[in-house]
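Asker: Structure below; questions to follow.
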Amino acid sequence: MADFNVSTREVGSVSIIDVKGYLDAHTAPDLENEFNKLVSGKQFKVVVNFDNLKYISSAGLGVFMAYVETMRENNGDIKFSNLKDDVYNIFDLLGFPVLYEFYKDENDALAKFKLQD
Amino acid sequence: MIKKNYTINSDYKSVSTLVGEIKKLLELVGASPKETGEIQMCLTEALNNVVKHSYGGKPGNEIQLNISLYKERIEFEILEYGLPRKNTGKPKLEYDPNDINNLPEGGMGLFIIDKLMDSTEYSSDNGKNIFILKKNLVKKLF
């Protein structure tokens, strides 16, 4: 169950993080590393595409909580897209929709960043 | 009723592997995908909490998981010998969405378990900690 993969693409000034597989306490450090790289490279506008994510635990959710402040303090944000219902339900349970913007498609999230430029 | 017993090492990879096995077991006995997902989530949170908090992230310690499968419910009993929980009250997750400097990065696991399971009990006696999680099933097993 431990298969997890994370990679980042650049679309204009926005970084899109693709997460795939199972994001739990075992694999959350990989996502944390990806965010560290973005912060080091001063890339603060982020869309996380969950299209291929099968599972997320609280350890994975904690990573987003840890970095959203840094991104917003630097005129960026973390926006979420392409969540499956069962993954979204966990975010919803914890009240994340109040804190984060969720989009059906990553292009919608990118468009929102453009509007904010 | 079916009983299954497992013992794993106190590390995240072992938890992940065990939860994968439980998922297959639940699918085999006919649990619904929704309930299987919820149980998978709760077991991951509960077992990772043992690794992180009871054993301080150190591998080489024992975690036992006993499962009792009934037609209309499932019970999980997690036994370990690490540090007992300090706070055993009902888990709360309260934060101010406007106060972005004080968002919680942890403490969500027990809250999730409390929301998704039908009942939980925690006890600690003579160095043995027991966490029991019970889930009533909409779709009968077997």
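Asker: With respect to the cross-link table entries A:20/B:24; A:84/B:139; A:20/B:90; A:45/A:84, which display a Cα-Cα separation exceeding 28 Å?
Answerer: Violating the 28 Å limit, Cα to Cα: A:20/B:90.
Asker: Next question, about the same structure. Between residue B:29 and residue B:114, what is 0.36 nm times their sequence separation minus the Cα-Cα distance? Round to one decimal in nm.
Answerer: Stretched fully, the residue B:29-residue B:114 segment lengthens by 28.2 nm.
Asker: Work out the charge dipole of region A:4-111 with +1 on the Cβ of Lys and Arg and -1 on the Cβ of Asp and Glu about the Cα centre, then indicate which of A:66, A:110, A:8 is farthest towards its positive end.
Answerer: The residue sitting farthest along the positive end of the dipole is A:8.
Asker: Name the residues whose placed amide hydrogens come within less than 5 Å of the amide hydrogen of residue A:13, ignoring near sequence neighbours (fewer than 5 apart) on the same chain.
Answerer: Sorted by chain and number, the residues that satisfy this come to none at all.
Asker: Next question. For residue B:124, what is the net charge nearby, where nearby means another residue's Cβ is under 11 Å from its Cβ and Lys, Arg count +1, Asp, Glu -1?
Answerer: Spelling it out: positives minus negatives among the neighbours equals +1.
Asker: While we're here: Using a Förster distance of 30 Å, how high is the FRET efficiency between residue B:128 and residue B:99, based on the Cβ-Cβ distance and rounded to 0.05?
Answerer: In this case the efficiency is close to 0.15.
Asker: I've got another one for you. Between exposed trypsin sites (Lys or Arg not before Pro) in chain B, where DSSP calls loop and at most 13 other Cβ atoms lie within 10 Å, what's the longest gap?
Answerer: On the way: sites that count: B:71, B:86, B:92, B:139, B:140.
The reported range is B:1-70.
Asker: Under a cut-off of 17 Å between alpha-carbon atoms, report the lysines in cross-link reach of residue B:58, not counting same-chain residues fewer than 8 places apart.
Answerer: Here the lysines satisfying the reach criterion relative to residue B:58 are B:13.
Asker: Let me ask another. So what's the angle, to the nearest 10 degrees on a 0 to 90 scale, between helix A:106-116 and the longest Cα principal axis of chain A?
Answerer: Approximately 30 degrees, to the nearest ten.
Asker: According to the Cα gyration tensor, what semi-axes, each the square root of 5 times an eigenvalue, does the equivalent ellipsoid of chain B have, listed from largest to smallest in whole Å?
Answerer: Equivalent-ellipsoid dimensions as semi-axes: 25, 20, 14 Å.
Asker: Rounded to whole Hz and in sequence order, give me ³J(HN,Hα) for region A:9-14 from the Karplus expression 6.51 cos²θ - 1.76 cosθ + 1.60, θ = phi - 60°, writing x for Gly and Pro.
Answerer: 10, 10, 10, x, 8, 10
Asker: Can I ask one more? Which lysines, on any chain, are close to residue A:42 with Cα under 23 Å apart, when same-chain ones fewer than 8 places away are left out?
Answerer: A:79, A:112, A:114
Here, each number is a calculation from the coordinates, and none is a lab measurement. Please read all numbers here as calculations on a predicted model, not as lab measurements. Every residue, glycine as well, gets a Cβ built from its backbone with ideal geometry; the counts of neighbours run over all protein chains shown.
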